[in-house]
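Here it is, the structure in full.
The values are calculated or read from the model by the stated rules, or taken from the named source; none is laboratory data. Note that this is a predicted model, so its numbers are computed, not measured. Because the Cβ atoms are built from the backbone with ideal geometry, glycine has one as well, and the counts that use them run over all protein chains shown.
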Amino acid sequence: MRAAVLPVSMELLLKVRELAVEFCDGTTSYSALHGIDFEVGRGEIVGLMGESGSGKSTTALSLLGLLPSDSARTSGSVIFRGRDLLLLNERAWRNVRGSQISLVFQEPEIALSPVMRAGDQVAEVIRAHRNCGWQRCRDEAVAALARVGLKDDRFFHSYPHQLSGGQRQRVVLAQALACEPALLLADEPTASLDARSQAEFLELLRQLRAETGLAVLLISHSAEVQASLADRVVILKEGRILEEGTFEALYEASAHAYTRKLLGATRTRISAAELGSAAQKL
Amino acid sequence: MSQHPEPLIEVRNLSKQYVHRRALSRANTVVDAMVDVGLKIARGSTVAIVGASGSGKSTLARCIALLERPTRGEIIFGGRNLLQLSRRELFPIRRRIQLIFQDPTSALDPRLSAVELIAEPLLIQRIATSEERLAKAREAMERLGLPAASESKHPLEFSGGQRQRIAIARALVLEPALLILDEALSSLDLANQESILSLLVELQRAYGLTYLHISHDLRSVSEFADEIAVMHAGRIVEQKRAVELFANAEHASTQELVAALRTVEAICTDRRTRGLA
């Protein structure tokens, strides 16, 4: 039995019910998701955690209609803004993907073309979704880059290799948010960033949520990332939801060893005092 | 941990410079990726290298793994400077130093099955007959907790954690003396990190393995490493045991790393007191 965790006043953005995904290759079949239920409210940051193979990526892909149509059988319902996404055809999906539901994942280098300037890549996304003139797209791209903290002109004109990892990830985020989606799927967004860039990126997501009501489904195996950003965390195990709750509640009191391990609760605790001397020196 | 007087491997004054020659310009950009690095790794121990990205950790790992040639310096292993050996002399030594990468997916040929992948290094090193290679590969799979029934599966049919176990099995099957883990656990969930780490500790005890663990995650190495060397701008700036590092971080970048180590407990307390629910 799951507790209802969405506050009554929160607007429901995404309602997933009995989502099941089976992969068949003709002879063998494999169930990646066994019928999961969860919700995301407007402006909520929901963390998704689980061992590799537990179904996190499958969940994210099904929310974007990106599961291979020849081998994946999906059932259940994914109600987003009143529509069941699982009933959409490819053409309808193109209106949703990138403009209503967007994705950022781990390696910005994969998402970005090395031979195009950053600003043009953001403008390209806008042009694909909004039928506006090139100049207008560029203006919106400048605004999108400013929203992610890349205000200076030079960022627009830089090639990806001229930017740091953290800046590249912000460009990818600018692309993802260019059309002001309601929901952002972030799949290990800070895994390739160093500690400082990671902290900045998470702060940026927090700000964007506060300013625009952006909702985020955050897949990250980093306990520190989930602890600092997620409003609540959903724990996946072998294609099923094991439990959900706030990070702190699960960390301190989950009855499942699986959850405690995932959240790092079984690691040796380092006391603030042990780290204190270094912090004081700064 | 055996107390051999000679370190297993010693690196002296190791430097690596990348020179960027620009067409139509006299100015070359010189990047000092690694400067004057000295390190001694005792047999059977675990040494960790930590530092921010760009600090030179991976360059060091790749040079010790003989994947890149340093600009200057020596790598002393088995009483010889590896950088002075010919390719032929180096060949049998290569199996003794193995490197595990961060991303197992790109390290494994997707067309080969698990058992073929694990037997492959033996084939390359021309060790044993093909039956013996398969037997050794199966043994390695068992040691790494990979189910025997999965031996004919291909990498993409395994989970990320299992793929990394395949990568480690590939390295172990050569019976290396030194295993270099370059952010090898960073892409794994914490449960897998924990189980693979304990497996590595067990293997270290059983086979006297030596580990060089490269990580940006000071937290995870502190439980596992005997000594931690901190790198900054290509140099080793500090080298201590974990406990001493936390208690007495001297260099500014070490202090930054330790201070950035916000424990989960501290994050939760912080959020609660700031009223961010």
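In this structure, does A:E90 turn out to be within 20 Å of A:T259 (Cα to Cα) and of a type in the set (D, E, K, R)?
Judged against the criteria, A:E90 is not a match.
Just to verify a result, which residue in region A:34-74, among those that are surrounded by fewer than 19 Cβ atoms within 10 Å (Cβ to Cβ) and basic (K, R), is farthest from the chain's Cα centre (by Cα)?
A:R73
Right, something else. Any idea which of A:I45, A:I36 is of a type in the set (V, I, T), touching a residue at least 40 places away in the same chain (Cβ under 8 Å), under 23 Å from A:E188 (Cβ atoms) and within 14 Å of chain B (Cβ to nearest Cβ)?
After ruling out the rest, the residue left standing is A:I45.
Something else now. Give the residues of region A:7-59 that are outside any strand (DSSP E or B) and under 14 Å from A:S77 (Cα atoms), sorted by residue number.
A:T59 - this is the single residue of region A:7-59 that is outside any strand (DSSP E or B) and under 14 Å from A:S77 (Cα atoms).
Could you list, in sequence order, the residues of region A:154-205 that are free of Cβ contacts under 8 Å to residues at least 12 places away in the same chain and away from chain B (no Cβ under 14 Å)?
Result: A:R154, single match.
Which of the residues that make up region A:75-102 are over 21 Å from the mean Cα position of the chain (by Cα) and either part of a strand (DSSP E or B) or at pLDDT 95 or above (or both)?
Of everything in region A:75-102, those that are over 21 Å from the mean Cα position of the chain (by Cα) and either part of a strand (DSSP E or B) or at pLDDT 95 or above (or both) turn out to be A:S75, A:G76.
I'd like to verify a number: residues in region B:181-229 that are among the basic types (K, R) and either assigned to a strand (DSSP E or B) or within 11 Å of chain A (Cβ to nearest Cβ) (or both), how many?
1
Please specify each residue of region A:181-206 satisfying the condition of being of a type in the set (G, A, S) and modelled with pLDDT of 90 or more.
Hits for region A:181-206 are A:A182, A:A186.
One residue is enough: does region B:57-64 have a residue meeting the conditions farther than 26 Å from B:L218 by Cβ, polar (S, T, N, Q) and touching a residue at least 24 places away in the same chain (Cβ under 8 Å)?
No, every residue in region B:57-64 fails to be farther than 26 Å from B:L218 by Cβ, polar (S, T, N, Q) and touching a residue at least 24 places away in the same chain (Cβ under 8 Å).
Then there's this: Restricting to region A:236-266, count the residues that are in a strand (DSSP E or B) and within 11 Å of another protein chain (Cβ to nearest Cβ).
2
Hey, among A:V216, A:V172, which residue is in a strand (DSSP E or B) and either among the aromatic types (F, W, Y) or under 22 Å from A:L63 (Cβ atoms) (or both)?
A:V216
A further question follows. Of everything in region B:235-269 that's acidic (D, E) and either in a strand (DSSP E or B) or at the interface with chain A (Cβ under 8 Å from one of its Cβ atoms) (or both), which residue is surrounded by the most Cβ atoms within 10 Å (Cβ to Cβ)?
B:E238
Could you count how many residues in region A:206-232 are away from every other protein chain (no Cβ under 12 Å) and surrounded by 19 or more Cβ atoms within 10 Å (Cβ to Cβ)?
5
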